[in-house]
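The values are calculated or read from the model by the stated rules, or taken from the named source; none is laboratory data. What you see is a predicted model; the values in this text were computed from it and never measured. With ideal geometry, Cβ positions are generated from the backbone for all residues, glycine too; neighbour counts draw on all protein chains shown. Heads up: the accessible areas ignore ligands, DNA and RNA and are worked out on the full protein's heavy atoms, side chains in. Shrake-Rupley method; radii C 1.70, N 1.55, O 1.52, S 1.80 Å.
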Amino acid sequence: MNAIHTATVPSNIAFIKYWGKRPHARQWPANDSLSMTLNQLATKTSARISNSDDHSLRLGDRVYSRTDKNLGKTFVHLDRLALRFGFTEKLQITSVNSFPMGAGIASSASGLAALTLASLMAWTDSRNWDDLENKGFDRNLLADLSRLGSGSACRSLFGGFVQWEAGPNEDSQRYASLFSDEHWALRDTVVLFSSEQKSVGSTEAHELAWSSPLFIPRLSGLPERMNLVKQALADRDMQGLGLWLEAEALEMHAVIMTASQPVHYLNQEALQFLADLRTARQEGEIHAYFTIDAGPNIHVIHEAGEHERLKLWLQRRLAADRLLHDSVGAGPRLDFQSE
Ligand code: DP6
C-alpha cells in the first residue's frame, strides 16, 4: 500500500476583499487583499498514489469522478499541477470539511489549498514543509499554485493575518503573514442565513466587477484603506478595524449589486441582522463588527474577551445550529502516515 499524505487547511475570512481580477491574466487580482486565517473551519485532504487510470475523489461518503459537474475545479486543478511538473501517477484523494456540508460556508479557499498541498506531498513523497521546500516547493510557490485553483486559497497557506499582494505583474504575486495568530486573539462567529447553493458563484461574479460604476473608485481608495487596516491590526484597535471591516464588506456588496448583472447575496433576514448588530453596539450591549463574503452568511468579528457576551446575545435571536464559532489560527498542518 502507498503512504497517505494529509494536509489540514483552515478557511480564511477577508478583511480587505479580493474582488475583481485583471483581465487576460492567470488569477491576478485587481487589488491587494488581507485576511485572517481561521482555526477550526478547515478542510482535511489526504492523497495517496493509486493504480487506477484516473484520479478519484471521496467527499464524505461519496466518490466522485471528473464527470461530476460541480467538482470539475478539483480535477482541473490536479491536471494543471500534473502537467506543469510532469507528474504521471494518479491520485486517490479523500477530503472532509470540518463545517457541515451545505452550511453555505465557502470551501474553495481551504479546499483548493488542501488539495494542492496533499497532492504535491504525495507526488513528491514529502512528509513536511522542509521536504516540500527541498523539492523546490517553497511556501510562496505553494500559495501561487493554490491561487490558480481558487484565488482566496493562497492566503490559507499562512497563519495569522495574511496579506496577498497583486505585485507588478501576474508572476510576481506575494503572500506574507503580517502578524502571527498570537498577535491578537480575534474571533469569528459565523451566522448562517442560507444553506442553499449560491445562485451566482464568486468566480462568475468576479468578472462582473468591472461593469460596476463603483469599482474603479473603490480600487483608488484601497491602498489607503489597506494601510489603515494594517495599523489597526498593529495597534489591536478593535473599533478602528471594525469600522473598516464593515465599510469594506458593504462596498464589495455595493459593487456586486451595481454590476451589469446585479447579484443580491443578502436576504431580508441578514440585512435586518446587520442593523440589529449595529444598534446593539451603539447601545453598548456588544462590541463586535461584521464582514461578509460573496454569499449570504455574516461573519461577526470580535475580541476573545467579548465572546461570551456576544454568544448570549446571538443565542437569544438565533438557533445554536446557525452559529459557527472560530478564531484566528496558525495555518495549515501536514501529516504523513506510512502503511
Ligand atoms: C468574496 O477565491 O472564491 O471571498 O479565485 O474565482 O476562486 P476564485 O474566487 P474566490 O473569491 C473569493 C472572494 C471573497 C473575498 C476574499 O476572500 O477576499
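A few points about this structure:
- GNM result for the chain, Cα springs below 10 Å: residue of Ala109, Ala249, Ala25 fluctuating most strongly: Ala25
- Loop-located trypsin sites (Lys or Arg not before Pro) in the stretch 203-267 whose Cβ has at most 14 other Cβ within 10 Å (DSSP): Arg236
- About the centre of its Cα atoms, the stretch 18-101 shows a dipole size close to 180 debye [charges on the beta carbon of Lys, Arg (+1) and Asp, Glu (-1) only; nearest 20 debye].
- FRET efficiency for Arg236 and Arg322, using Cβ-Cβ distance with R0 set to 41 Å, rounded to 0.05: 0.90
- For the chain, a Gaussian network of Cα nodes joined below 10 Å ranks Ala153, Ala232, Ala288 by mean-square fluctuation, and the top entry is Ala232.
- Principal-axis tilt of helix 215-234 within the chain, Cα atoms, nearest 10 degrees: 90
- Between the stretch 146-162 and the stretch 265-279, the Cα center-to-center distance that results, in Å: 28
- With all protein chains kept in place, the per residue accessible area of the chain amounts to 45 square angstrom at a probe of 1.4 angstrom.
- Per-residue Karplus couplings for the stretch 82-95, computed as 6.51 cos²θ - 1.76 cosθ + 1.60 with θ equal to phi - 60°, are listed in order as 4, 5, 5, 10, x, 7, 10, 6, 8, 10, 9, 10, 10, 9 Hz, Gly and Pro entered as x.
- Choice from Ser172, Ser212, Ser46 with maximal GNM fluctuation in the chain (Cα, 10 Å cutoff): Ser172
- Given +1 at the Cβ of Lys and Arg, -1 at the Cβ of Asp and Glu and no other charges, the dipole of the stretch 7-55 around its Cα centre is 180 debye to the nearest 20.
- Non-local Lys pairs in the chain, i.e. 8 or more apart or on different chains, that have alpha carbons under 18 Å apart: 6
- HN-Hα J in Hz across the stretch 256-264 - Karplus 6.51, -1.76, 1.60, θ = phi - 60°, x for Gly and Pro: 5, 7, 10, 6, 4, 10, x, 10, 10
- Cα-based shape type of the chain, given that a ≥ b ≥ c are square roots of the gyration tensor eigenvalues and the cut on a/c is 1.5: prolate
- Cα centroid of the stretch 67-92 to Cα centroid of the stretch 11-58, whole Å: 15
- Under the criterion of Cα pairs below 8 Å and six or more residues apart, the relative contact order for the chain equals 26 percent.
- Seen from Gly136, the other residues with C-beta closer than 13 Å to its C-beta sum to a net charge of -2, counting Lys and Arg as +1 and Asp and Glu as -1.
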